[in-house]
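Have a look at the structure below before the remarks.
The values are calculated or read from the model by the stated rules, or taken from the named source; none is laboratory data. If you're wondering where the values come from, they're calculated on a predicted model, not measured in any experiment. Cβ: placed from backbone, ideal geometry, glycine included. Neighbour counts: every protein chain shown. Only protein heavy atoms, including side chains, enter the accessible area calculation; ligands, DNA and RNA are left aside. Shrake-Rupley method; radii C 1.70, N 1.55, O 1.52, S 1.80 Å.
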Amino acid sequence: MTAAGSSPRDLTGREAPGTGRANYTGAVYGSLLAASVVAGAGSAGPYPRLELVLLLICTGLVFWAAHVYAGFVGDRLRAQKVTWREIRQVCVREWPIVQAALLPAASVAVSPLLGLGPEGAAWLAVSIAVAQQVGWASAAVIRVGASRWAVVSVGIVNMALGLVIVAAKVALQH
């Protein structure tokens, strides 16, 4: 059930597939996930950049698949038959989780061109992931017409979450 003029929403409050709306939830979540992966990753392997790129992409794909699966479990609990069309829609809706890992992964891949070592590449990736997280969260509240105070508040909260991840990275450095 939706209010007049609003878009249909699924059980998580996300707009239904096919409404032309971006999945900001997945983009923010995926960015936070990517930053967390970089913060927790070590650089002790023989190919630290390649390992980090693969870790970012694989983690994004695993969490995407988990979200898709969880969406179907929720549909089954509502006793609805899941169709191939719905499977495709859920896969597309959750895809921003994977997309959010791509820019941090790409930054690690091109980091040698910027003269960065493995540690510098990791800091670049975590910085990009946190910036994405703040950006997508802010874009979401701007898109719904939130007040400036709400936009600033969302930005501050997401920056604080990002700083927690940065603090964890500092604490986990060897």
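Some observations on this one:
- For segment 126-170, the pair-distance distribution built from all alpha carbon pairs, in bins 5 Å wide starting at 0, is 5, 25, 30, 19, 12, 6, 3, 0 percent.
- Accessible surface computed residue by residue for segment 46-174, with neighbouring protein chains in place and a 1.4 Å probe, gives 59 Å² per residue.
- Atom-type composition of the exposed protein surface of segment 24-75 places 75 percent of the accessible area on carbon and sulfur (1.4 angstrom probe).
- FRET efficiency, 1/(1 + (r/R0)^6) with R0 41 Å, evaluated for Tyr69 and Trp149 via beta carbons: 0.65
- Gained length - Leu172 relative to Ile156, 0.36 nm times residue gap less alpha-carbon distance: 3.4 nm
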